[in-house]
Amino acid sequence: MLSGMDQPVRLRQARPADYDRIAPVVDDWWGRPINAALPRLFLDHFFRTSLVAEQGDELAGFLVGILSPSSDTGAYIHFVGIAPRFRGGGLARRLYTRFFELARADGRSVVRAITSPSNHGSVAFHEAMGFTVTGPIAGYDGPSADRMLFHRRLDGDASDSR
Ligand SMILES: CC(C)(COP(=O)(O)OP(=O)(O)OC[C@H]1O[C@@H](n2cnc3c(N)ncnc32)[C@H](O)[C@@H]1OP(=O)(O)O)[C@@H](O)C(=O)NCCC(=O)NCCS
C-alpha cells in the first residue's frame, strides 16, 4: 500500500464543503491575513469552475475560478494556493492548465487575475504562466489598494500543456 507521501496528487472539481478545509489554511499559506478575501460564497457559487488538489486526504492546493457571467469571452482566477510543502513542483501550473481547459471548452478566450504589488511570487508565477503584467495600478481596488493586473489569451499554445 502506498504511504501518503507516495500517492499522486490528484485534481478534482471543488465542492462547497471544501470551504471548511480551505478557509483555515489560507492565512498560513499566504503568510498574512487573507481569509477575508475568500468568503464562503466563492465555494458555494463557483465550485463548478474551481479545483482542489489532494494527496490522499491531504489538501495540497486549490484554485477558485470564475467564468464571467457578464462577459462571454472572459474568465477570472480569484485565488490559487499551494500548501508550502507542495510548492515548486508544477502543481499550480497543473491547476491553471486544467482551468484553461475548462474555460476554453466554454468558449472563453481570455483569463484575468490580480494580485498585490508586494506579492512578488505571484507576479513571477503569472509571468511564467504566460500572463501579461500591468501595474501597479494605484487605487485599483479602492483607496490605498494598488493592484497588479494579469491577463492571458487562451490561444491553445503549448506553454500551458506541460
Ligand atoms: C504562487 C504559488 C501558487 C505557486 O505555486 P507552485 O505550485 O509552487 O508553482 P509551480 O511549481 O506550478 O510553478 C509554475 C511556474 O511558476 C514559477 N514560480 C512559481 N512560484 C514562483 C516564485 N515564488 N518565484 C519565481 N517563480 C515562481 C515556477 O518557477 C514555474 O516556472 P516554470 O514552469 O517556467 O519552471 C504558490 O507559491 C503559493 O501558493 N503562494 C502563496 C499563495 C499566493 O500568493 N497565491 C497567488 C496569488 S492568488
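May I ask you to verify whether R108 is away from the ligand (no atom under 12 Å from the Cβ), touching a Leu at 6+ places or on another chain (Cβ under 7 Å) and either in a loop (DSSP other than H, G, I, E, B) or within 19 Å of I34 (Cβ to Cβ) (or both)? Answer is yes for this residue.
Taking the criterion of being exposed (fewer than 12 other Cβ atoms within 10 Å of the Cβ) and of a type in the set (D, E), the residues of segment 45-79 that qualify are D57, D72.
For every residue, the table says whether it meets (1) in a strand (DSSP E or B); (2) charged (D, E, K, R); (3) surrounded by fewer than 13 Cβ atoms within 10 Å (Cβ to Cβ).
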residue	(1), (2), (3)
R85	no, yes, yes
L95	no, no, no
P117	no, no, no
A124	no, no, yes
G130	no, no, no
G142	no, no, yes
M148	yes, no, no
R152	yes, yes, no
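Of all the listed residues (V123, V52, V64), the sole one being more than 13 Å from the ligand (Cβ to nearest atom) and touching a residue at least 24 places away in the same chain (Cβ under 8 Å) is V52. Among the residues making up segment 69-89, those that are touching a residue at least 40 places away in the same chain (Cβ under 8 Å) and more than 13 Å from the chain's Cα centre (by Cα) are P84, F86.
Comparison of E101, E58 shows that the only residue that is among the charged types (D, E, K, R) and touching a residue at least 40 places away in the same chain (Cβ under 8 Å) is E58. Total residues in segment 103-115 satisfying the condition of being under 15 Å from the mean Cα position of the chain (by Cα) and either crowded, with 19+ Cβ neighbours inside 10 Å or more than 15 Å from G74 (Cβ to Cβ) (or both): the figure is 5.
List pairs: first in segment 1-29 and at pLDDT below 95 and surrounded by 12 or more Cβ atoms within 10 Å (Cβ to Cβ), second β-branched (V, I, T) and in a loop (DSSP other than H, G, I, E, B), Cβ under 9 Å, 6+ apart or cross-chain? Listed pairs, sorted by first residue: none to list. Does any residue of segment 27-34 turn out to be under 21 Å from R147 (Cβ atoms) and acidic (D, E)? Yes. In the set (1) loosely packed, with under 14 Cβ neighbours inside 10 Å; (2) more than 7 Å from the ligand (Cβ to nearest atom); (3) in a loop (DSSP other than H, G, I, E, B), the condition left unmet by T134 is number (3).
The values are calculated or read from the model by the stated rules, or taken from the named source; none is laboratory data. Source: prediction; values computed, not measured. No Cβ is skipped: glycine too gets one built from the backbone with ideal geometry, and neighbour counts run over all protein chains shown.
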